[in-house]
There are 2 protein chains.
Amino acid sequence: MSSQDLVAAAKPRGIIDRRGEDVALEEYVVSTVGAVYERWGFERLETGAFEFSDALGKHLPDQDRPNAGVFSLQDDDERWLSLRYDLTAPLARFAAENWTSLAKPYRRWQTGPVWRNEKPGPGRFRQFTQCDADTVGVAQAAGDAEIVAMAAEALTAIGLPDGGFGLRLSSRRILNGVMESIGLSGGDIDRAGMTVARAVDKLDRLGVDGVEQLLGKGRKDESGDFTPGAGLDTGAIAKILEFVQAERGGREETLARLAELVGDSAEGRAGVEELSAIHDILSALGVGDDIARFDPSIVRGLEYYTGAVFEAELTLPAADGGAPVSLGSIGGGGRYDDLVARFTGERVPATGFSVGVSRLTAALRELGRDSGIETSGPVVVLALDRDQMADYFAVAQMLRAEGVAAEVYLGASGMRAQMKYADRRNAPVAVIIGEDERARGSVTLKDLKLGAKVAAEITDHEQWRKDNPAQFETGRGEMVEAVKKILTR
Amino acid sequence: MSSQDLVAAAKPRGIIDRRGEDVALEEYVVSTVGAVYERWGFERLETGAFEFSDALGKHLPDQDRPNAGVFSLQDDDERWLSLRYDLTAPLARFAAENWTSLAKPYRRWQTGPVWRNEKPGPGRFRQFTQCDADTVGVAQAAGDAEIVAMAAEALTAIGLPDGGFGLRLSSRRILNGVMESIGLSGGDIDRAGMTVARAVDKLDRLGVDGVEQLLGKGRKDESGDFTPGAGLDTGAIAKILEFVQAERGGREETLARLAELVGDSAEGRAGVEELSAIHDILSALGVGDDIARFDPSIVRGLEYYTGAVFEAELTLPAADGGAPVSLGSIGGGGRYDDLVARFTGERVPATGFSVGVSRLTAALRELGRDSGIETSGPVVVLALDRDQMADYFAVAQMLRAEGVAAEVYLGASGMRAQMKYADRRNAPVAVIIGEDERARGSVTLKDLKLGAKVAAEITDHEQWRKDNPAQFETGRGEMVEAVKKILTR
């Protein structure tokens, strides 16, 4: 084959391959979170990777980014299909399609990859995994509270310590109430609302000054790009900035402050009542201020949220007892009462939470919290004589029959390369059967972990060769037990 | 919202939603098969859902079908991407991309959905799940034998009984040898080879007559569609038909017959030697004629196979002791020594097997072998007084803390509808706390499974109401134990 016929062995940008432990860590997170969801009565669902493009709609968080988008394709009917960009839009389609036959309320959880046709970057991929729980058909705030308490339990279950994560909650209705109280109403809120919400959403990243600019005339970033602002006047901006910084000590104090800020706005008062009901249920479920705070700066970028909004973040407790330091978002959600109505025309209350599995596993890895995952490779049975392959396989099978992972070396190299292969496979033991062992009905076992340790410590090479504790001969009948003993060392 | 603004709640053809038990059954199959693969030393891999189209190549099994194809899309670089149609093509890309750094031989397993842009039909979907194991870098037949023995172990592990499945093996090299022996050589085999292979592949479906037509001038099917044939003469056709029916009693007898048929063809003899080596290893691993047969009619449609080919099928043992009756394919694989060379220019031997998870779970369901999967829903705590929600949540939490799945009813309906909901959720127990129970510090438990049974058997309604064994009151402190007792009934 000439080299110009060759195809490049490359994968698209923002797509990664994951091996062994990386996959195991993600499966651990998904199965642990999923087990919590199941214990709370959520039923598993799986939908296809793509939906009709119009069924998915366009609810991406970063609609204002120029390259934001979905991956779309056409099938042989020439209908447009899109890869799902989250697990909420497919749920809305499923719930609407099966609404009459579902037992309601419908609690479901779902996990799987989602795809975004966006510019990839460090830690930002075009395929990543989410693990969602949603309740469809619950109007009361207890439905939101349940989701938040369950998310806290799930994040604790995967091994995040107290103080290592936090949930921040607010309600879109309170923000709407504040907007009402500064003189915006109905249509104005629809028009200006998303711009204001997006500005508030950037508090963590841009600080108070940046938000102030985005609420006013607009903001030019370091690269010179200009983002137009919401065009509010100085008084309105001050009120909104007061609102986003309204968090006080605990949930109750913050609620009291928010009640002042929304004033007479009916929408704002409904939002405060909503958070108050969430607070009661959280308290009954033992979820304290340390785990779930009310933070009015949380708005979440997605257009479809209509009430409570939640954000989960990794945190470092602040040294001075102040607010914890955020290490980044690992999930979020909220109430979206209009999403099913796109299909049915009838408002169906819904609320949910999404764990960002890919971000969470990356964080666990950085925190060194992935140590529970199996890292040992299989026992490697060396293949020293090609005419003895059947026997080597029989030996490996004896180990597997007792639950010990084992393989026969199947390459074409000699003993030294085979030992190197065993090391690279992270094998705990190598099984060696040469002519001598065969004559004696025995096997030689090499404990590779101990071997590495001993080799690092030896001073006397002669002595080591004579009685190397990491290598010994044993009868075939005793082999499996001897290997198991090494594995439990 | 006016009805003409509504979006249809529908999903694309050939895409299915799966709920609860269906997902659990698939996960059971994948985790059981995967555990076997791991025990044989195969390392987990996950690649992205799509690859560059040219990296995937076009190796679909049914290249001769007009609508066969892949789903393709463009990213914002306007490069063509395709959803993977199997897990082998992405492995070839991965192995080529990482060839220098991989410990070789490289054994990997992978599971996940694959997509085909084909006409869907009964049991034929456009997204389905596979679970593959492949060995890259092994030239010897022991690598094929290992894959076959492991596949047999995996199918046994998921609960298929002896005689309930079978593996049929052959080698492309034997077919090539037979073609050589009828006078076709080199270039002819390349040209006519795939047509002959596809014809032989259809023996199960079309019978000897149909294959005879496809080897000769061609065949018109019931709908009048004409498939052109390989154009062989009568003598050649007779020889090939003799070959495809060459299976005799056990593997050894079939090998002897095949050795006669390939005659002096070097390629054919190499194929017979290959199968002979596979036979030796299978025997050493305890895989008998009843589980793995040699059947020369197995060729597999994929163009990329170069040596051994395998097919796994569900079977019913024949009543008269003859060949078992096939209930359809549940997996297959073979040796493909040229796939990595597309990228690297160097031949890399490789062999593998793919379990058709979606087909297998459908078959398990039909066989009624999915009974091990959890079917019970959560305990449902009724919500009779809206101002007691926090208390209901605390009760549900007591159950969850002891590992019992539980949920609070969060809809807006009354007691009768709540009980109906509990039934539809397949709840084992309903927890009822009304005013009376609250006053007494107790709960009423309703055993819904026993209740259904008792209700079906009762003759005396008055008596049943008086001492219904399926409903009783217990103290709050005793609730969790009482629920657990019901669950273990």
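Every read-out reported here was derived from the displayed coordinates using simple, explicitly stated rules and does not represent laboratory data. Just so we're clear, the structure is a prediction, and the values are computed from it rather than from any experiment. Don't worry about glycine lacking a Cβ; one is built from the backbone with ideal geometry, like all the others, and counts go over all protein chains shown.
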By how many degrees, between 0 and 90 and to the nearest 10, does the Cα long axis of helix A:266-284 differ from the longest principal axis of chain A? 40 degrees
State the Cα centre-to-centre distance between segment A:76-97 and segment A:392-426 in whole Å. 46 Å
Average other protein chain Cβ within 10 Å of Cβ, residues B:88-95: 2
Return a single number: how many Lys pairs in segment A:20-366, at a sequence separation of 8 or more or on separate chains, have alpha-carbon atoms below 24 angstrom apart. 9
With angles folded into 0 to 90 degrees, how steeply does helix B:172-181 sit against the dominant principal axis of chain B? Use alpha carbons for both and round to 10. 30 degrees
Tilt relative to chain A, helix A:415-424 - C-alpha long axis, 0 to 90 degrees, to 10: 20 degrees
Could you work out, residue by residue across A:403-412, how many beta carbons of other chains sit within 10 Å of that residue's beta carbon, and then give the average as an integer? 6
What is the distance in Å between the Cα centroid of segment B:208-271 and that of segment A:338-357? 58 Å
Quick query: amide H of residue A:71 versus all other amide H atoms, modeled in the peptide plane; which residues come in under 5 Å with a sequence gap of 5 or more or a different chain? A:83, A:117
Prolate/oblate/rounded label for segment B:20-366 (Cα gyration tensor, a/c 1.5): rounded
Under 1.5 on a/c is rounded, so check that first for segment A:326-392, then, if it is not, pick prolate when a/b is larger than b/c and oblate when it is not; a ≥ b ≥ c are the square roots of the alpha carbon gyration tensor eigenvalues. oblate
Going by average Cβ neighbours within 10 Å, how do the peptides A:255-265, A:128-138 rank, with the highest at the top? A:128-138, A:255-265
To the nearest 20 debye, segment A:349-439 has a Cα-centred charge dipole, built from +1 on Lys and Arg Cβ and -1 on Asp and Glu Cβ, of 520 debye
Compute the Cα gyration tensor for segment A:165-321, then decide on rounded, prolate or oblate, letting a ≥ b ≥ c be the square roots of its eigenvalues: rounded whenever a/c is under 1.5, prolate when a/b is larger than b/c in the other cases, and oblate in all that remain. oblate
Any idea which of A:296, A:237, A:152 is furthest toward the positive side of the dipole for segment A:20-366, if Lys and Arg beta-carbons carry +1 and Asp and Glu beta-carbons -1? A:237
Using a label point 7 angstrom from Cα along Cα-to-C-beta, what distances in nm, from shortest up, separate residue B:163 from the other copies? 6.5
When only C-alpha pairs under 8 Å and at least 6 residues apart count, what is the relative contact order of chain B, in percent? 14 percent
Listed highest first by mean packing, meaning other Cβ atoms within 10 Å per residue, what order do A:193-203, B:217-227 come in? A:193-203, B:217-227
Inter-label distance for residue B:481 and residue B:420, nm, one decimal - labels placed 7 Å from Cα along Cα-to-Cβ: 3.8 nm
Using a 7 Å offset from Cα along the direction of the beta-carbon, what are the separations from residue B:7 to the same position in each other copy, nm, ascending? 3.4
So how strong a dipole does the protein assembly as shown carry about its Cα centre when Lys and Arg Cβ are +1 and Asp and Glu Cβ are -1, to the nearest 20 debye? 100 debye
Per-residue mean of C-beta atoms belonging to partner chains within 10 Å, peptide B:32-44: 5
Counting only Cβ atoms, what residue of chain B lies nearest to the axis that sends chain B onto chain A, and how many whole Å off? B:73, 2
Relative to the other copies, what are the label-point distances for residue A:449, with labels 7 Å from Cα along the C-beta vector, expressed in nm at one decimal and sorted shortest first? 4.1
